[in-house]
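S.K.: Below is one structure. I have some questions about it.
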């Protein structure tokens, strides 16, 4: 994909967040298929080198900070990637929608491994997306897991989902979405009371990973339980 094609795709991402683009129909997907795709991101192994580091401006003047362990921008440190080592999980990149395969191609080409979220990037939107980095952001991760043909942001996912009556209704491959913020993929409950759950996500300061979360706390923070309209039970 050329830089121009990537730019056009990303413009669609943020336009959707503003309600400027009409959603397109996508193929249905089973819950098991979506989780399998998610796991391919969370469990992906890759080798890094110093060429994959970037802290500063790219050739277009866009500020980029990779979530490496020694760069001071990633968090928490155990989830950040190490230089000259095998790493697990695809690096978070603002505006990114790489597959594990395209991520590896970029890494071997010496592109920056990820670009962490900042409030300035959210303010600048698509203008803050760097073509010098590879990785996937939180909504890009969900789009890939659901095999969507159109890119959606946390602000526009509601256009292809329905809000669930409560978090108790969450099933595998549903999401907890904070419009204009973060989104995570529900995997399973960790207790009988449906208070804690396992999620897959692309964490804004590190990588794709599995996380345990208090669902009630998430709800108070503004996260909404949602279900993709084309998801099928296994």
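Nothing in this text is a laboratory measurement; each read-out follows from the coordinates by a stated rule. This one's a predicted model, so the numbers in the text were calculated from it and none came from an experiment. Virtual Cβ from ideal backbone geometry, glycine too; neighbours counted across all protein chains shown.
S.K.: At q = 0.21, 0.25 Å⁻¹, work out log10 I(q)/I(0) for the stretch 131-202 with the Debye formula, treating every Cα as an identical point scatterer and leaving solvent out; two decimals please.
M.R.: -0.93, -1.22
S.K.: Here is a further query. Helix 31-42 sits at what angle to the longest principal axis of the chain, using alpha carbons and giving 0 to 90 degrees rounded to 10?
M.R.: It is inclined by approximately 30 degrees.
S.K.: So what's the back-of-envelope 222 nm ellipticity for the chain, counting only DSSP H runs of four-plus at -39500 (n - 2.57) apiece and dividing by all residues, rounded to 500? Present the calculation step by step, with values, prior to reporting the outcome.
M.R.: Numbers: 6 runs with 56 residues, N = 234.
For the chain, the value works out to -7000 deg cm²/dmol.
S.K.: Rank the residues 224, 170 as a footprinting-exposure proxy: fewest other Cβ atoms within 10 Å of their Cβ go first.
M.R.: Details: 224 18, 170 22.
Ordered from fewest to most neighbouring Cβ atoms within 10 Å, 224, 170 come out as 224, 170.
S.K.: Between the helical axis of 3-17 and the dominant principal axis of the chain, each derived from Cα atoms, what acute angle in degrees is found, rounded to the nearest 10?
M.R.: Computed tilt is about 30 degrees.
S.K.: Just want the ordering: 105, 187, from fewest to most Cβ atoms lying within 10 Å of their own Cβ. Intermediate results must be reported in sequence, preceding the final value.
M.R.: Working: 105 12, 187 21.
The most exposed by this proxy come first: 105, 187.
S.K.: Tell me, what is the percent relative contact order of the chain, built from C-alpha pairs under 8 Å that lie six or more residues apart? Write out the running numbers ahead of the final one.
M.R.: On the way: 503 pairs, mean separation 57.7, N = 234.
For the chain, the relative contact order is 25 percent.
S.K.: May I ask you to sort 42, 136, 83 by Cβ crowding, counting other Cβ atoms within 10 Å and putting the fewest first?
M.R.: Working: 42 21, 136 27, 83 17.
Taking fewest neighbouring Cβ atoms as first place, the list is 83, 42, 136.
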